[in-house]
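*Asks:* There's a structure below that I have some questions on.
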Amino acid sequence: MREKLRIYGSARLEGEVAVSGGKNAAVAIIPAALLADSPSTIENVPDIDDVRVLLDMLRWLGAHVEFRENTVWIDPRTVDKFNPPYELAGRMRASYYLTPVLLGLFHRAEVPLPGGCDIGARPIDQTVKGMETLGASVETLGGVMVAKSDRMQGDDIFLDMPSVGATVNSMLTAVSAPGMTCIHNAAREPHIVDLANFLSSMGASVKGAGTDIIRIRGGRHLHGTDYTIVPDQIETGTLMIAAAAAGDDVIITGAIPTHMESLSAKLLEMGVHVSSEDDWIRVRSNRVYRAVNVKTQGYPGFPTDLQQPLSALLTVANGTSLVTETIFESRFRFLDELRKMGAKVRVIESSSAMITGVSHLVGARVNATDLRAGAAMIIAGLMAEGVTEIGGISYILRGYEHIDEKLTQLGAHIEHVRKEEAF
Ligand code: EPZ
């Protein structure tokens with residue numbers, strides 16, 4: 001079955017759309033719930049494949065898990081395994097967040113190396129460094145990360161780069177390690193702060209999340225909690241860019257404007273009208289854009305996950321834009337797909353791309369090469385003249401909750417084709 005999205009171009013978007021809970025927050029918080037001695041309720045969880053696969057892993061480990069209407073109930077008291085299966089763990093990036101949790105529960109964890117989007121080598125050496133610094137021995141045997149420790153102890157972890165994954169894994173290790181742990185050069189993303197807030201609500205002592213030094217006094221007793229996940233920063237940004245690309249006037253509700261400042265500033269630079277208050281962001285666009293230069297950075301810089309959606313918009317800006325990707329070494333593969341639609345793009349080395357604006361894109365059959373590339377192709381399809389068909393949409397469904405329905409609600413004409421048509 002070749003599942004695809006069919007997008008009718010020259011869309012005009014109008015109205016209000018609500019953003020879902022944060023994927024990258026949810027996949028860090030759900031494993032943390034296993035560290036409690038009682039059940040937790042987690043609300044505003046996006047209903048996406050990555051979450052469903054992770055919850056299946058928790059069930060496999062013995063937890064009692066329910067997931068209905070964006071709320072997850074986790075009772076960790078029956079967890080009795082420390083080795084989730086490859087069939088589940090290999091299907092997403094965040095499965096390795098279970099390693100420090102199971103190490104804390106059983107002094108042993110055997111977790112298959114993570115899957116995730118093919119946007120670079122994505123090594124996990126900093127995650128291993130964090131766990132070893134706190135007393136674990138970690139080795140990789142046949143594609144499985146085996147972590148063992150009889151005695152964990154808080155210490156100073158110095159990350160070589162502000163890795164999101166290594167920061168999450170160091171936090172999840174530190175809460176089970178008696179004594180003080182300081183994570184230096186920590187990532188500052190909103191989902192890191194959300195994980196810290198969740199751990200604190202369980203009774204952990206976590207200070208400094210959102211800055212580059214996070215202090216955790218570990219070894220404390222952790223109890224179940226009720227928690228609500230932050231809105232998804234990257235979905236908010238994707239919807240803002242879609243509104244800029246095809247909007248007349250769109251309001252995104254349930255968002256946190258301060259999380260979006262780097263993108264809002266870039267869209268304003270391009271000539272798009274962005275305004276915000278409390279928990280909504282309004283984007284008005286006359287679909288005429290100035291070319292701009294973009295350089296991805298860790299938070300609060302311009303997010304690498306919004307580089308691909310914004311690059312799609314830049315293909316029709318007036319002038320030439322320079323896009324520099326400093327986080328992942330191969331996050332430009334989707335540009336080949338944009339070329340099929342008439343974009344004029346050129347990759348300079350592996351980290352920079354020149355995008356020369358054209359008057360319009362033309363609909364074509366394209367593929368999503370990863371999750372955010374899929375978002376970029378949707379944005380291109382909304383703008384293009386004619387029909388665009390996007391294959392490989394399993395990536396998109398992994399990370400965006402009902403994105404086709406949300407855009408349809410705003411006036412887009414999108415069909416989710418689930419079975420092969422005669423011709
Ligand atoms: C997280 O990936 C996100 N995934 C990614 O989102 C996001 O793009 C990325 O952070 C950056 O914000 C989840 O949260 C599940 P990193 P992660 O560790 O943790 C290098 C999406 O679309 N590095 O911050 O893998 C690494 O190779 C996904 O939602 C090491 O060298 O990102 C990369 O070049 C895509 N050694 C850079 O650091 C390490 O041990 C940033 O990686 C770890 C990372």
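*Asks:* So T388 clears everything in (1) of a type in the set (S, T, Y); (2) touching a Lys or Arg at 6+ places or on another chain (Cβ under 9 Å); (3) open to solvent by less than 60 Å² (accessible area, probe 1.4 Å); (4) not in a strand (DSSP E or B) except one condition, right? Which one?
*Replies:* Here T388 meets the rest and fails (4).
*Asks:* Can you name every residue in the range 119-145 that is near the ligand (Cβ under 7 Å from one of its atoms), part of a helix (DSSP H, G or I) and not polar (S, T, N, Q)? First the steps, then the outcome.
*Replies:* Narrowing the range 119-145 to residues near the ligand (Cβ under 7 Å from one of its atoms): 119-127.
Retained after the next criterion (residues that are part of a helix (DSSP H, G or I)): 125-127.
Within the range 119-145, just D125 meets the criteria.
*Asks:* What is the residue count in the range 272-315 for residues that are among the basic types (K, R) and within 16 Å of the ligand (Cβ to nearest atom)?
*Replies:* Number satisfying all stated conditions: 1.
*Asks:* For the range 264-278, name all the residues that are assigned to a helix (DSSP H, G or I) and surrounded by 14 or more Cβ atoms within 10 Å (Cβ to Cβ).
*Replies:* Across the range 264-278, the qualifying residues are S264, K266, L267, E269, M270.
*Asks:* Here is a follow-up. Looking at A136 and the list (1) open to solvent by less than 20 Å² (accessible area, probe 1.4 Å); (2) among the small types (G, A, S); (3) within 24 Å of L55 (Cα to Cα), which single condition is not satisfied?
*Replies:* That leaves (3) as the condition not met.
*Asks:* Right, here's the next one. Since A33 meets every condition but one in (1) within 22 Å of the chain's Cα centre (by Cα); (2) surrounded by fewer than 24 Cβ atoms within 10 Å (Cβ to Cβ), which condition does it not meet?
*Replies:* Checking A33 against (1) within 22 Å of the chain's Cα centre (by Cα); (2) surrounded by fewer than 24 Cβ atoms within 10 Å (Cβ to Cβ), the one that fails is (2).
*Asks:* OK, next. Going residue by residue through the range 191-204, is there one that turns out to be without any contact (Cβ under 8 Å) to a residue 24 or more places away in the chain and among the hydroxyl-bearing types (S, T, Y)?
*Replies:* Yes, the range 191-204 contains a residue that is without any contact (Cβ under 8 Å) to a residue 24 or more places away in the chain and among the hydroxyl-bearing types (S, T, Y).
*Asks:* Can I ask one more? Take the conditions assigned by TED's automatic domain parsing to the domain that holds E16, open to solvent by 10 Å² or more (accessible area, probe 1.4 Å), at pLDDT 95 or above and at positive phi and apply them to G357. Does it pass? If you could, list the steps in order and put the result at the bottom.
*Replies:* On the way: assigned by TED's automatic domain parsing to the domain that holds E16: yes; open to solvent by 10 Å² or more (accessible area, probe 1.4 Å): yes; at pLDDT 95 or above: yes; at positive phi: no.
Against the criterion (assigned by TED's automatic domain parsing to the domain that holds E16, open to solvent by 10 Å² or more (accessible area, probe 1.4 Å), at pLDDT 95 or above and at positive phi), G357 does not qualify.
*Asks:* Of all residues in the range 146-199, which are among the charged types (D, E, K, R), within 13 Å of the ligand (Cβ to nearest atom) and open to solvent by 10 Å² or more (accessible area, probe 1.4 Å)?
*Replies:* Residues satisfying the conditions are D160, R188, E189.
*Asks:* For the structure I just gave you, tell me whether P112 is open to solvent by 20 Å² or more (accessible area, probe 1.4 Å), more than 15 Å from the ligand (Cβ to nearest atom), on the phi < 0 side of the Ramachandran plot and touching a residue at least 12 places away in the same chain (Cβ under 8 Å).
*Replies:* No, not satisfied.
*Asks:* For L58, which of the numbered conditions (1) part of a helix (DSSP H, G or I); (2) away from the ligand (no atom under 15 Å from the Cβ); (3) within 25 Å of I183 (Cα to Cα) fails to hold?
*Replies:* For L58, the exception is condition (3).
*Asks:* Kindly indicate whether any position in the range 69-80 is open to solvent by less than 70 Å² (accessible area, probe 1.4 Å) and among the acidic types (D, E).
*Replies:* The answer is yes, given that some residue of the range 69-80 is open to solvent by less than 70 Å² (accessible area, probe 1.4 Å) and among the acidic types (D, E).
*Asks:* With the condition being within 27 Å of R220 (Cα to Cα), I'd like the strands (runs of 3 or more DSSP E) fully within the range 1-55 carrying at least 3 qualifying residues.
*Replies:* Filter on the range 1-55 gives 40-43.
*Asks:* Would you mind finding the one in T181, T211, T228 that is in contact (Cβ under 8 Å) with a residue 12 or more places away in the chain, out of contact with any strand residue (DSSP E or B) (no Cβ under 7 Å at 6 or more places or on another chain) and among the polar types (S, T, N, Q)? Step through it out loud before you land on a result.
*Replies:* Working: T181 fails: out of contact with any strand residue (DSSP E or B) (no Cβ under 7 Å at 6 or more places or on another chain); T228 fails: out of contact with any strand residue (DSSP E or B) (no Cβ under 7 Å at 6 or more places or on another chain).
When all the criteria are applied, what remains is T211.
*Asks:* Something else now. Could you tell me which of the residues V316, V283 is buried (at least 16 other Cβ atoms within 10 Å of the Cβ) and more than 24 Å from the chain's Cα centre (by Cα)?
*Replies:* Just a single option satisfies the conditions, and that option is V316.
*Asks:* Conditions first: (1) open to solvent by 10 Å² or more (accessible area, probe 1.4 Å); (2) more than 30 Å from D248 (Cα to Cα). P84 passes all but one, so which condition is the exception?
*Replies:* (1)
*Asks:* Can you confirm whether the range 13-28 contains a residue that is crowded, with 18+ Cβ neighbours inside 10 Å and among the acidic types (D, E)?
*Replies:* no
*Asks:* Here's a check for you: in the range 321-378, which residue that is part of a helix (DSSP H, G or I) and not hydrophobic (A, V, I, L, M, F, W, C) is farthest from the ligand (Cβ to nearest atom)?
*Replies:* R339
*Asks:* Considering every residue within the range 94-104, establish whether at least one is assigned to a loop (DSSP other than H, G, I, E, B) and either more than 16 Å from I30 (Cβ to Cβ) or open to solvent by 40 Å² or more (accessible area, probe 1.4 Å) (or both).
*Replies:* No; the residues of the range 94-104 include none that is assigned to a loop (DSSP other than H, G, I, E, B) and either more than 16 Å from I30 (Cβ to Cβ) or open to solvent by 40 Å² or more (accessible area, probe 1.4 Å) (or both).
The values are calculated or read from the model by the stated rules, or taken from the named source; none is laboratory data. For clarity, every value in this text was computed on a predicted model and none was experimentally measured. For neighbour counting, all protein chains shown are included, and Cβ atoms are generated from backbone atoms with ideal geometry for every residue, glycine included. Heavy atoms of the whole protein, side chains included, go into the accessibility calculation; ligands, DNA and RNA do not. Shrake-Rupley method; radii C 1.70, N 1.55, O 1.52, S 1.80 Å.
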